[in-house]
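Have a look at the structure below before the remarks.
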Amino acid sequence: MQREQLADFLRRRRESIRPEEAGVTAGPRRRTSGLRREEVAMLAGMSTDYVVRLEQGRSSQPSVQLLGALARALRLSEDERDHLFHLAGHQPPPAEGVARLARAGLMRMIDLLGDTPAAVLSDLGEILAQNRTAALLTGDHVDFSGDRRYAVYRWFTDPAARAGAPAEEWERHARQFVADLRAVAGRRSGDPTVTGLVERLQAASDEFGRLWAAHEVSVRRADRKTILHPRVGPMLMDCETLLTPDQRQQLLVLTPADPESRERLDLLRVLGTQSFPTEHTGPSAR
């Protein structure tokens, strides 16, 4: 662990980010053009004291999970992210691990979208980052672990995952999940992450096995779906998906498809997160 170099790197990256790039509102009395330490701590989900100790070269060795959170909070590029891991005495994540850290450019796009629900996903449907409105709409999915990270796994193994969609749409969503996973399996032939996920789904769900055997293939780029929200009611949403050139990550943007849905989304933003059920999930997460 190169403490002095790590401290210098973190401090300079923090000072180089404009608050609006990180989704932070800059007040009129702000004395610095970059982020404050407490803002980095809030964005990374850690204590301000630990950020201070990191920047002063007095901290213990940060974990891989903590480094990933710092990389997202500081909007690091892939090269900067690898450098961060090296300075902290860790090897950078392998290809799959890197793919699970949202690209800096996509994070900036989320910030620019403001109150429009948006999220960054891996090609396997894991939520890598999401803005506040997306979390209000579909639930906070960033901290799921194991196979529950993948929307397709939750859809076929957890009945609660379908609560966010009308029953008449379940078959269509199920087919889309499987067809999209087929496309990923084709692109990443022999990848143990993908093959292992498919095997576990086949063992866990007869429905998945039936749809997998149909060998339908489709990459989702646009969709319209109904989200049954427990607080404001049903919303008809248009979903646009923008893929990175390697198709390993995607930006999902959801917009209301009619005036009533727009009004309900506006109401949801006003209501905020109070008493919001974290487990509310559905096809809207993908």
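The values are calculated or read from the model by the stated rules, or taken from the named source; none is laboratory data. From a predicted model like this one, the values you see are computed outputs, not experimental measurements. Please note: Cβ atoms are built from the backbone with ideal geometry, for glycine as well, and neighbour counts cover all protein chains shown.
Here are a few things to note about the model shown:
- So residue 137, is it more than 17 Å from residue 200 (Cβ to Cβ) and outside any helix (DSSP H, G or I): no
- Members of the range 156-169 that are within 23 Å of the chain's Cα centre (by Cα), surrounded by 12 or more Cβ atoms within 10 Å (Cβ to Cβ) and part of a helix (DSSP H, G or I): 156, 157, 160, 161, 162
- Restricting attention to the range 170-200 and to residues that are within 28 Å of residue 230 (Cα to Cα) and not aromatic (Phe, Trp, Tyr), the residue that is surrounded by the fewest Cβ atoms within 10 Å (Cβ to Cβ) turns out to be 171.
- Residues (assigned to a helix (DSSP H, G or I), over 13 Å from residue 10 (Cα atoms) and touching a residue at least 12 places away in the same chain (Cβ under 8 Å)) located in the range 46-65: 64
- Taking the numbered list (1) of a type outside the set (Asp, Glu); (2) at pLDDT 90 or above; (3) surrounded by 15 or more Cβ atoms within 10 Å (Cβ to Cβ) in turn, residue 93 passes all entries but (2).
- Any hit, the range 93-104, residues being closer than 18 Å to residue 8 by Cβ, in contact (Cβ under 8 Å) with a residue 12 or more places away in the chain, assigned to a helix (DSSP H, G or I) and touching a helix residue (DSSP H, G or I) at 6+ places or on another chain (Cβ under 8 Å): no
- Identity of the residue in the range 201-225, surrounded by 12 or more Cβ atoms within 10 Å (Cβ to Cβ), under 24 Å from the mean Cα position of the chain (by Cα) and charged (D, E, K, R), that ends up modelled with the highest pLDDT: 225
- Selection status of residue 241, farther than 19 Å from residue 131 by Cα, among the β-branched types (Val, Ile, Thr) and in the same structural domain as residue 269 (by TED's automatic domain parsing): no
- Test set (1) crowded, with 17+ Cβ neighbours inside 10 Å; (2) over 26 Å from residue 101 (Cβ atoms) - residue 248 fails condition number: (2)
- Residues that are surrounded by 16 or more Cβ atoms within 10 Å (Cβ to Cβ) and at pLDDT 90 or above were ranked within the range 98-121; the one that is farthest from the chain's Cα centre (by Cα) is 117.
- In the range 134-159, of all residues being touching a strand residue (DSSP E or B) at 6+ places or on another chain (Cβ under 8 Å) and not hydrophobic (A, V, I, L, M, F, W, C), the one that is nearest to residue 269 (Cα to Cα) corresponds to 138.
- The numbered conditions (1) more than 21 Å from residue 235 (Cβ to Cβ); (2) crowded, with 21+ Cβ neighbours inside 10 Å are all true for residue 147 except (2).
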